[in-house]
Amino acid sequence: MRRTWMIPVAMLASTLAFAQGKNDAALATSQLKPNVYLVTGGGGNSGVIVGEKGVIVIDAKISAESGKELLASIAKITPKPVTAVILTHSDGDHINGLASFPAGIQIIAHENNKKEQEAALAAGGRGAPPAGHLPTRVLTQTKEAFEIEGVKFEGYHWGPGHTSGDLAIYMPAEKLVFTGDVTAVVDPRIHNEKGGTSAGWLAMTKGMAELDSDQYVPGHGNLLKKADIQKKLAEITAKRAKIIELAGQGKSLEEIKATVGDDPPGGGRGAPFPSFTELVYQETTKK
């Protein structure tokens, strides 16, 4: 049974507005596979896949300006037009560049991703692309295979991790995974106000680690190997279990932080969501 997540629109708008924070990093392009490129800078990482007659983009940058720069970068790779975009989640630094994309293109996302964007629009439009660029196709199952421009993809949603609408995008022929913001350098960053959960984060990470791939493209940062995903999964599984154990013993949040650590403290970087330690404590104690 699928769960439908109710997202408080005011909190969602605030969170998505945070995700739009200024990002001046220049765009840079690198080739991962014969038909797959990575474009960094201007927000979250973007995948560019050259298909038979058109281009598929995975995540579309942070603003209309960076979206335009992304399209210019694609034009240097191939003269083929962008015909589809796949979104890993609804954060503004991954979707707002759609404002510069052509009208009428196919936009694929998880059903909860679309709901989050619609809630942001209803709250005043902050953090979401223009209404004309909302997802046109939603995925609803744990695994859905689809083909675009002769390229095969598999979209996976093992649970609400970073957000309620996370998708891991797997390219089976290329053995390549686009993880969105589920992968983390230190502790997971989970938007609890958008339905993200620590259990869902573990499920998403475990599922990705089990795919036949040794190359993972995170939503931010450098490429990862399967060993990186497995190591992080083991670390966070142990940390979450310890937090739950200590909370069950009646330890306070501050006592638990002193024992297991709290990275980033207080959510870090002005983030409007709790740190991982705080989140697991809240989930465990319902505080």
* Just grab the label-to-label distance for residue 53 and residue 29, each label 7 Å out from Cα along the Cβ direction, in nm (one decimal). => 2.3
* **Folded to 0 to 90 degrees: helix 226-248 orientation relative to the chain principal axis, Cα** => 30
* Asked: Taking the Cα centre of the range 93-169 as origin and charging only Cβ (+1 Lys, Arg; -1 Asp, Glu), how large is the dipole, in debye to the nearest 20?
  -> 140
* Asked: Residue separation times 0.36 nm, minus the C-alpha to C-alpha distance between residue 65 and residue 215: what's the value?
  -> 51.1 nm
* For residue 244, what charge total do you get from the other residues with a beta carbon under 13 Å from its beta carbon, if Lys and Arg give +1 and Asp and Glu give -1? -> +3
* Asked: Which cross-chain or sequence-distant (5 or more) residues have an amide H under 5 Å from the amide H of residue 110, H modelled 1.01 Å from N in plane?
  -> 139
* Once the Cα atoms of helix 198-209 and of the chain are each reduced to a long axis, what angle between those two axes, in degrees from 0 to 90 to the nearest 10, is obtained? -> 50
* **Length-normalised contact order for the range 101-164 - Cα pairs under 8 Å, 6+ apart - percent** => 31
* Let me have the relative contact order for the chain, percent, based on Cα pairs under 8 Å that are six or more residues apart. => 15
* Would you mind working out the magnitude of the charge dipole of the range 178-230 relative to its Cα centre, with +1 at each Lys and Arg C-beta and -1 at each Asp and Glu C-beta, to the nearest 20 Debye? => 60
* So how much slack lies between residue 199 and residue 141, counting 0.36 nm per residue of separation and subtracting their Cα-Cα distance, in nm? -> 19.1 nm
* Asked: Which whole-number percent of Cα pairs in the range 9-225 have a distance greater than 31 Å?
  -> 10
* DSSP beta bridges in the range 9-225 [antiparallel fraction, %, rounded to 5] -> 65
* **Volume per residue of the C-alpha convex hull in the range 180-221, rounded to whole Å³** => 75
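Values in this text are rule-based calculations from the coordinates and carry no lab data. Values in this document were obtained by computation on a predicted structure and should not be read as measured data. Here the Cβ is made from the backbone with ideal geometry for all residues, glycine too, and neighbour counts use every protein chain on show.
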